[in-house]
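The values are calculated or read from the model by the stated rules, or taken from the named source; none is laboratory data. No experiment lies behind these values; they were computed from the predicted model shown. Note that each Cβ is placed from the backbone with ideal geometry, even for glycine, and that neighbours are counted across all protein chains shown. Remember, those area values only see protein heavy atoms, side chains included, never the ligands or the DNA or RNA. Shrake-Rupley method; radii C 1.70, N 1.55, O 1.52, S 1.80 Å.
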Amino acid sequence: VFQLAIWSLAPLLAAIIALTAFLRSAKSIQTPGGHALRFLFVVLFFWSSAQFLGSILLNTHAIHMAAKLAYIGIALTPVAWFLFALTYSQRVIRLSRRAVNATVIVPLITFTLAITNEYHGLIWSAWQIVEIDGHRGMTVSHGFWFYVHAVYSYSIALCGTAILTFSLLKFRQHHQALLAAIFAPLIGVMAYLFYVSPINTSPWFDVTVLGFVAGVIILDRGILQHGLLDRTNVARDTVVELLTDPVLVLTRDGEIVDANQSALDRWEIREQPLLHQDIESLTKNMPKERFLSNASSAATNVEVSIEGATYEASVTHLDLENPDSDVSLVFRDITERQRQENELLAVKNELERMAHTDALTGMFNRRFFMQRLNEEFERLQRHGSVLSVLIFDLDHFKRINDTYGHDAGDVVLMGVADVVNEIKRLTDIACRLGGEEFALLLPETDRAGAIHLAQRLRRGIEEYDYSLKVGQRLAVTASVGVATVGQRSKAPENVLKVADRALYKAKNSGRNMVCVDDELNS
Ligand code: GH3
Ligand code: MG
Ligand code: MG
């Protein structure tokens, strides 16, 4: 019933390897291409085991049957290869389910025709059982459909290889995996060419399937060893792809060589694809050196504006050891954050301004005055020099309010603020202490200077034309108290009290005048 010959070894070996590979590949099922790879092992197993059976059987009918069954594997192997390429490099092209299903139509026809060959001879136009070299086997002439099948198989296998090559080119570090992808089917083709070449003198020495199995195993190793089918790597790849932050990969020359979906969705314009553009076509006026020269093994952040949005780009070398390696940019859109920060800053500035200004006159308020007074004292004690303070209070202001109304009083207060701002120097701090009482802090100003300024102020208030705003001629005057302190003053913080006392004296001495407190030694 059986015959044993050395020729059976090749398909037997192929069947064992394919089966083992299938069983061992159970873990890779989760990774892209994993299903198709297992499918490839299965169809190769069918092919090789059917061929093995055919080579050990003696019964004519059984040999025919084995040859027919082998066709399920022969016809599906190129499709399985194509599907592996397609699903492995999922981002290169996407085919619809229908298109994928359509790829098995020709193999199914081929298999059906092989099974029913007796009725039409479309696969084998003639076959005969011969005995050569003491081995019984089948020799055939091919029918029409066989050539359809052959053309289809080589075309689809070539497509698969092209897709895989293209996808691996994107992972430019993985040369070995790339070579494996190209050589895997080539080994099978070479094995087939050897089988039909004149070098091979035996019609039984068919190593085709073994060649294909070997090719796929090499591919499996090549890809697995370089982590391309490794689950964590694929997971990382998927994470980058799903990340809502745009990610770009640049060469050292600033050419964009990879972009995740988010970057494509955001920046790709139909007429101008993102890939192979210079990064400056995106960043416009920002030179690419900002990214490239800042790239280091530790991520550095570069702020960049692209199409009206502001991003913080985290820049990293892809190969930590090689400063000439590609550079990855992960962009975080900080437009909204920046807008909020600016808004908050504006609010903070406004609050700060409000906290130290008086609403009616726009002068500083008492709080700010006290703060500046303390600062000026500290400076005075460290660096010496001299400092004066004026306090002035409008005379009989109650009467103005009573006679012309509170609003008129307010207008007078604003007029006084105008006078003060007109007269004071830039470094002087003017404030409304409250009511109709004001103070001026005069750094680097001695007693004589302070008195001089106080007199100008008193005259200014008296001469100012409040009628422009109030509508009638008003007599407004003020009394001014002056205090001056030097570095060696015993209690400089008392300067306000001293000035207040001088003011009190001015009020008591008839108003509309400037007084200095005599007890003060500067
Ligand atoms: P003198 O200082 O010369 O002794 O007399 P005076 O009338 O100015 O004295 P007093 O300090 O008693 O009166 C202050 C008045 O200032 C009381 C109040 O009617 C008025 N006043 C205080 N704050 C304001 C303000 O914001 N607007 C207006 N219109 N009046 C104010
Ligand atoms: Mg007053
Ligand atoms: Mg008063």
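Between residue 437 and any residue 5 or more places off or on another chain, the built amide H atoms are never under 5 Å apart. Per residue of the chain, the DSSP helices (runs of n ≥ 4 H) give a summed -39500 (n - 2.57) that works out to -17500 deg cm²/dmol at 222 nm. Using +1 at the Cβ of each Lys and Arg and -1 at the Cβ of each Asp and Glu in the chain, identify which of 369, 409, 260 lies farthest towards the dipole's positive end. Working it through, the farthest residue towards the positive pole turns out to be 260. For segment 49-95, relative contact order (Cα pairs under 8 Å, six or more residues apart, normalised by length) works out to 27 percent. In a Debye calculation with equal point scatterers on the alpha-carbon sites of the chain and no solvent, what is log10 I(q)/I(0) at q = 0.11, 0.12 Å⁻¹? Each listed q corresponds, in turn, to -0.96, -1.03.
With Rh defined as the Kirkwood radius, the inverse of the mean 1/r over Cα pairs, the Rg/Rh of segment 331-487 is 1.11. With distances taken between every two different alpha-carbon atoms, segment 57-214 has a Kirkwood hydrodynamic radius of 17.3 Å. The lysine pair count for the chain, using Cα distances under 23 Å and pairs eight or more places apart or on different chains, is 10. Size descriptors for segment 398-504 (Cα atoms only): Rg and Dmax, in that order, 15.0, 50 Å. Converting phi to 3J(HN,Hα) with the Karplus coefficients 6.51, -1.76 and 1.60 and the offset θ = phi - 60°, segment 139-147 yields 10, 9, 10, 8, x, 4, 5, 4, 6 Hz in sequence order, with x at every glycine or proline.
Against the criterion of solvent-accessible heavy-atom surface with a 1.4 angstrom probe, 367, 97 sort, most first, into 97, 367. Here the Karplus curve 6.51 cos²θ - 1.76 cosθ + 1.60, taken at θ = phi - 60°, turns the phi angles of segment 323-328 into couplings of x, 8, 6, 4, 10, 9 Hz, with x standing for Gly and Pro.
So what is the relative contact order of the chain, in percent, for Cα pairs below 8 Å that sit 6 or more residues apart? Contact order relative to length: 9 percent.
When peptides 342-348, 475-481 are ranked by their average number of other Cβ atoms within 10 Å per residue, the highest-first order is 475-481, 342-348.
Only Lys, Arg, Asp and Glu carry charge here, each on its Cβ (+1 for the first two, -1 for the last two); on that basis the chain has a dipole of about 800 debye about its Cα centre.
The mean sequence distance of close C-alpha pairs (under 8 Å, at least 6 residues apart), as a share of the length of segment 1-110, puts its relative contact order at 29 percent. Per residue, the chain exposes 52 Å² of solvent-accessible protein surface, assessed with a 1.4 angstrom probe and all protein chains in place. The ellipsoid that matches the Cα gyration tensor of segment 297-383 has semi-axes, each √(5λ) in whole angstrom, of 48, 21, 7, with the longest given first. Per atom type, the chain shows carbon and sulfur on 58% of its accessible surface, probed at 1.4 Å.
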